[in-house]
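Heads up, the thing below is written out as structure tokens.
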Amino acid sequence: MILFSFSKSSKEAILSDMIPKKWPEPVYQFENNPLSEEGFRLGRDLFYDVNLSRDKSISCANCHLQYTGFTHVDHKVSHGIEGRKGTRNSPVLINLIWNNSFHWDGGVNHIEVQSINPIKHPAEMDNTLKNVLSYLQKSSNYKMKFSRVFGDTIISTKRFLQAITQFTGSLISSNSRYDQYQRKEIEFSIQEKKGLKLFKKNCNSCHTAPLFNSNNLESNGLPIDTIFNDLGRYTITQLKKDSMKFRVPTLRNIEVTFPYMHDGRYKKLREVIKYYTEELNTKTTYLSPRLKRKISLNSNEQKDLIAFLLTLTDKEFLYNKRFSFPRK
Amino acid sequence: MTLLKIQILALLLCFGKSTQAQPSVSVIFDIDLTNTSDVKIETFRFYASNFQIEFTDGTREKINVTCHLIDMEDKESLHIKIPTTSIKTIRSINYLIGTDSLTNISGALEGDLDPIKGMYWAWNSGYINFKLEGNRIVSGKKTPFEYHIGGYNGDQATSRKKSITLIKSENDSIHINVNPYTFIDAAESVNEFSIMIPGKKAAQLADFLPDIFSN
């Protein structure tokens with residue numbers, strides 16, 4: 001019992017160390033999945049293990065690379081085993097414990113069950129939970145690691161999913177130049193300050209600081225891609241009003257997470273800004289009410305805005321060895 | 001130190017409790033599987049949860065939220081035990097066909113709710129409350145049917161309440177007859193042979209679920 005109370009308080013210490021000051025309370029607080037260093041490491045091992053895919057060729061990290069904010073840079077849509085392609089741009093894994101739904105359509109309702117999707121999806125890892133568990137159960141290395149985290153060698157779906165969550169839930173990016181500026185550790189350039197002002201006026205209502213996202217599902221008016229025919233949230237609710245609605249992604253580390261949008265249709269930030277300022281049809285049905293008012297930015301202002309967006313890059317996060325492939 | 005004392009006390013209470021044999025009521029699902037030449041059932045699995053026992057004196061046990069997976073291929077799963085606090089004559093039993101909404105938003109779960117059981121949708125998180133697959137002869141042609149009834153949110157909710165009043169008074173066991181053919185006929189009457197996603201249709205079909213259970 002004494003040991004138990006100690007481990008509990010150290011768990012709380014780990015979590016509170018992770019949460020940046022003045023940020024909102026995370027949605028997921030590892031309530032039934034006590035965060036531990038061993039659990040985090042086990043989750044990291046699983047995240048980087050290619051044996052989770054059916055043909056043992058790809059790991060989670062194939063579509064979620066650390067250096068690019070845990071997304072697949074330069075790939076419009078996710079690539080699975082045998083060169084199979086999905087229909088959506090692989091999302092970044094940043095500050096996930098503040099999300100109340102996952103995937104572009106918000107179809108996943110809890111961080112712990114998220115990883116079942118890429119494991120089972122035919123265009124991703126195309127595996128079964130049974131296969132994955134039997135692989136893990138046969139491994140003496142994993143048996144040892146699971147017992148360090150959970151107290152015995154039983155490897156169950158729940159433990160497997162919770163271990164991955166210990167890793168993905170710990171991917172917190174909060175030390176960008178923007179954060180340092182907020183903490184008054186550095187100064188912004190005049191251009192960055194102008195960009196911040198423009199951001200607050202035009203973008204922050206959806207991409208809300210400090211997380212630079214929102215948990216809403218919104219239509220940003222993009223016309224449907226006729227190859228993918230992806231109606232977004234509609235596929236979950238089958239409600240007309242949810243057509244073309246997608247989660248509002250975080251802009252943290254946006255500099256390195258291209259291409260942009262749910263289907264990766266834009267390669268450059270300036271194309272995204274051009275879309276919002278020039279191409280967006282404000283009469284689009286079910287358009288987010290926050291986009292009804294036209295955003296107008298002259299070319300200098302567009303440059304200022306981009307200068308600000310680049311301050312959201314968090315090099316410490318992108319190159320933190322703790323999140324990297326665990327080299328022995 | 002106070003915390004430690006409370007923990008020791010809690011531990012003692014736990015031990016104290018576990019030494020007593022907990023009375024329970026057996027609920028036995030008798031599934032009618034007399035495959036006719038017209039209908040062949042290949043898979044039949046469903047969840048039953050939130051059992052509540054009501055006694056002839058009008059008192060009720062607290063609702064037991066545990067979700068049980070009943071599978072025609074797993075004989076042991078047809079027999080479940082609901083803990084009770086007293087041994088009295090039972091008048092009726094209430095339960096939920098399917099899982100409750102809280103279960104569907106609770107992350108990774110184990111036992112009968114382990115996603116490995118094939119009763120979980122990953123892309124649109126939530127449990128398949130009721131799964132029935134097979135084929136039947138329609139106008140002389142073998143026609144497959146595949147009903148995956150799930151969905152927990154608002155209008156998409158597919159769990160349904162059921163109450164069964166016992167004909168014969170019992171103290172410790174309840175038999176529930178399950179007739180999947182009732183459901184197959186009802187679904188065919190509205191021309192549905194395949195449902196694989198939550199939505200309006202699944203919710204409509206779920207309304208047929210209570211009718212397959214009787215005593």
Inset, instruction - Being open to solvent by 10 Å² or more (accessible area, probe 1.4 Å) and not in a loop (DSSP other than H, G, I, E, B) is the filter; apply it to the range A:67-93 and report the residue that is nearest to residue A:324 (Cα to Cα). - result: A:67
Inset, instruction - Tell me, please, whether a residue that is under 25 Å from residue A:113 (Cβ atoms), surrounded by 21 or more Cβ atoms within 10 Å (Cβ to Cβ) and within 14 Å of another protein chain (Cβ to nearest Cβ) can be found in the range A:171-184. - result: no
Inset, instruction - Go through the range A:129-157 and count every residue that is without any contact (Cβ under 8 Å) to a residue 40 or more places away in the chain and more than 20 Å from residue A:61 (Cβ to Cβ). - result: 17
Inset, instruction - All but one of (1) open to solvent by 30 Å² or more (accessible area, probe 1.4 Å); (2) part of a helix (DSSP H, G or I) hold for residue A:196, so report the exception by its number. - result: (1)
Inset, instruction - Take the residues in the range A:94-128 that are open to solvent by 10 Å² or more (accessible area, probe 1.4 Å) and in a helix (DSSP H, G or I), then tell me which one is farthest from residue A:161 (Cα to Cα). - result: A:98
Inset, instruction - Quick one: count up the residues across the range A:16-64 that are under 19 Å from residue A:132 (Cα atoms) and of a type in the set (D, E, K, R). - result: 7
Inset, instruction - Go through the range B:120-178 and count every residue that is in contact (Cβ under 8 Å) with a residue 40 or more places away in the chain and not in a strand (DSSP E or B). - result: 11
Legend entry - The one condition in (1) touching a residue at least 40 places away in the same chain (Cβ under 8 Å); (2) on the phi > 0 side of the Ramachandran plot that residue A:56 fails to fulfil: (1)
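If you scan the range B:107-130, which residues turn out to be facing chain A (nearest Cβ under 7 Å), surrounded by fewer than 21 Cβ atoms within 10 Å (Cβ to Cβ) and farther than 16 Å from residue B:202 by Cβ?
Quick first cut of the range B:107-130, residues facing chain A (nearest Cβ under 7 Å) only: B:107-110, B:114-116, B:122-125.
Pick out the ones that are also surrounded by fewer than 21 Cβ atoms within 10 Å (Cβ to Cβ) and you get B:107, B:110, B:114, B:116, B:122-123.
Of everything in the range B:107-130, those that are facing chain A (nearest Cβ under 7 Å), surrounded by fewer than 21 Cβ atoms within 10 Å (Cβ to Cβ) and farther than 16 Å from residue B:202 by Cβ turn out to be B:107, B:110, B:114, B:116, B:122.
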Inset, instruction - Would you confirm whether any residue within the range B:138-145 is away from every other protein chain (no Cβ under 14 Å) and either under 16 Å from the mean Cα position of the chain (by Cα) or among the aliphatic types (A, V, I, L, M) (or both)? - result: yes
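The values are calculated or read from the model by the stated rules, or taken from the named source; none is laboratory data. The model shown is predicted, which means the values in this text are computed figures rather than measured ones. With ideal geometry, Cβ positions are generated from the backbone for all residues, glycine too; neighbour counts draw on all protein chains shown. Each accessible area value is taken on the protein alone, full model and side chains, heavy atoms only, with ligands, DNA and RNA left out. Shrake-Rupley method; radii C 1.70, N 1.55, O 1.52, S 1.80 Å.
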